[in-house]
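The values are calculated or read from the model by the stated rules, or taken from the named source; none is laboratory data. Quick caveat: nothing in here was measured; it's all calculated off a predicted structure. Glycine gets a Cβ as well: all are built from the backbone with ideal geometry, and neighbour counts include every protein chain shown. Protein only, heavy atoms only, side chains kept; ligands, DNA and RNA dropped before computing areas. Shrake-Rupley method; radii C 1.70, N 1.55, O 1.52, S 1.80 Å.
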Amino acid sequence: MSRRQSLTVAGSALLLAARCSPDTTFDATAATELLPDRLRYTQLGPDSDVVSPQQAWSELVEAGRVTGTFDDWHLTETSEEGAENGRRP
């Protein structure tokens, strides 16, 4: 599986919202609520494309940031420092 080195605006927005959430498990409804319409883009500027919550979630799976299915997923720890300090991803 290839790992993305950088995330799109939409993927980053979904990851940040999930990290800031008090919840530890999410579902499709959560992905939709965590990714507001104004942040559903691949990039900023004239070449941007709108991204659905499902596409942003798939990007996070590809990057190894989440596990599970779109209907039942959770964040993975991607930073050894975060794991050592007991912080959530």
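Miscellaneous remarks
- Selection from region 46-83 of residues that are at pLDDT below 85, open to solvent by 40 Å² or more (accessible area, probe 1.4 Å) and under 19 Å from Cys20 (Cα atoms): Glu77, Thr78, Ser79, Glu80, Glu81, Ala83
- Taken over region 30-45, residues that are hydrophobic (A, V, I, L, M, F, W, C), in a loop (DSSP other than H, G, I, E, B) and within 16 Å of Ala17 (Cβ to Cβ) amount to 1.
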